[in-house]
Amino acid sequence: MAATLEEIRAMPGLDDYLDALEERLARTVATHPGLVAAVGNEALAAGGKRLRPTLVFLSAPPGREPSLAAGVAVELVHMATLVHDDLIDGAAFRRGRVSAWQAFGPAGARAAGDYLFARAFAQLAATGDARAVSTLAGAALCLARGEALQRSQTHDPDTTIDAYLERCALKTGKLFEAACLLGGGGLGAFGLALGIAFQIVDDVLDCSGETIETGKIAGTDLREGTPTLPLLLAAREDEVVRAALAGGPLDGALVRVAATGALERSRELALDYAGRARASLNGELRRDER
């Protein structure tokens, strides 16, 4: 059986690893005092699950010390994408706090996002591990490609499910994959599949009103015209949803998404990808998984 979140959090050494991670994140962001450090500190203060560094820890082979530099690097890249995404999307809030571009202006947010990217690669470069730097650089390229793909799909209810899944892989799955590879256990396939499952669930939560889980206001994807799996499935059956996704009136559309059964079908696909992630482990356990 898959470990629960509580069981994962109870794994020996994880709390110490995450505590050290927070301290190093703070030091790394504060390296160059000024506007970019202030924006970065606000992004840190917003918190987060620290899921990607946790994957670095969990994917480390038994007997090998999990790389703290890798955990810091993947989290900084993730933070940078959030700062930039909020600016691109015009999002006013992030995890209940005013977004960076709202608080510090668009120029400040752009500079801070670039700064966080730079600090991430500085962490890995200091280890002298060229392969690790290459792995994270590849993931960062995929993030940029995924963002460009999302722009091209905006307000397009005819976006195919395959194109949506490609975007999930590029924008989310590849950084999960990188985290697992940076852990040193060769579990990239696990990370990629898990990342896609994670993104599908996040997109379902955006349609189901569970703001506390996502840190954003429910219905954001529909308002911004981002074609997620539940919206695409619902748009195939409901003309109101289809019109809303294409940029038309939003009134009542989010409620109709749930009425089509699209949320349940989306959850089923997320479970399928979670199953693929589990199957990819091939019996290879990491850390103290049981």
- Relative counts (whole %) of C-alpha pair distances in region 7-62, using bins that are 5 Å wide: 4, 16, 26, 21, 15, 10, 6, 2, 0
- Query: With each run of n ≥ 4 DSSP H residues scored as -39500 (n - 2.57), what mean residue ellipticity at 222 nm is computed for the chain after dividing by its residue count and rounding to the nearest 500 deg cm²/dmol?
  - Reply: -21000 deg cm²/dmol
- Averaging 1/r across every pair of distinct alpha carbons in the chain and inverting yields a Kirkwood hydrodynamic radius, in angstrom, of 19.6 Å
- Task: Compute the convex hull volume of the Cα atoms of region 1-151, divide it by the residue count, and report the result per residue in Å³ as a whole number.
- Result: 129 Å³
- Item | 5 Å-binned pair-distance histogram of region 158-254 (Cα, whole percent) | 3, 15, 20, 20, 17, 12, 7, 4, 2, 1
- Item | Cα gyration tensor category, rounded, prolate or oblate, for region 102-151 with a/c compared to 1.5 | oblate
- Message: I need to check one value: relative contact order of region 16-70, counting alpha carbon pairs closer than 8 Å and at least 6 residues apart, in percent.
- Response: 35 percent
- Message: Once neighbouring chains are kept in place and the probe is 1.4 Å, which whole percent of the accessible area of the chain is contributed by carbon and sulfur?
- Response: 56 percent
- Accessible area per residue of the chain at 1.4 Å probe, in Å²? 45 Å²
- Message: Defining a contact as two alpha carbons under 8 Å apart and six or more residues distant in sequence, what relative contact order in percent does the chain show?
- Response: 18 percent
- Message: For a protection proxy built on the mean count of beta-carbon atoms within 10 angstrom, sort 158-164, 196-202, 99-105 highest first, please.
- Response: 196-202, 99-105, 158-164
- Task: Mind checking region 1-94 for trypsin sites (Lys or Arg not before Pro) that DSSP puts in a loop (not H, G, I, E or B) and that have at most 16 other Cβ atoms within 10 Å?
- Result: LYS49, ARG64
- Message: Output wanted: per-residue J couplings in Hz (rounded whole) for region 263-273, from phi through Karplus 6.51 cos²θ - 1.76 cosθ + 1.60, θ = phi - 60°, x for Gly and Pro.
- Response: 5, 5, 5, 5, 4, 4, 5, 4, 5, 4, 5
- Using all C-alpha to C-alpha distances in region 108-181, build P(r) with 10 Å bins and read off the rounded percent in each one. 18, 41, 29, 11, 1
- Item | Only Lys, Arg (+1) and Asp, Glu (-1) charged, at Cβ; the chain dipole about Cα centre in debye | 580 debye
- Top of GLY128, GLY40, GLY186 by mean-square fluctuation, Gaussian network on the chain, Cα under 10 Å: GLY128
- Task: Only loop residues by DSSP count here, and only those with at most 14 other Cβ atoms within 10 Å; note down the GluC sites (Glu not before Pro) in region 1-81 that meet that.
- Result: none
- Three-way shape call for region 64-209 based on the alpha-carbon gyration tensor, with the a/c threshold at 1.5: oblate
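The values are calculated or read from the model by the stated rules, or taken from the named source; none is laboratory data. Since we're looking at a predicted model, the values are computed, not measured. Don't worry about glycine lacking a Cβ; one is built from the backbone with ideal geometry, like all the others, and counts go over all protein chains shown. Just the protein is used for accessible areas: all its heavy atoms, side chains included, with ligands, DNA and RNA removed. Shrake-Rupley method; radii C 1.70, N 1.55, O 1.52, S 1.80 Å.
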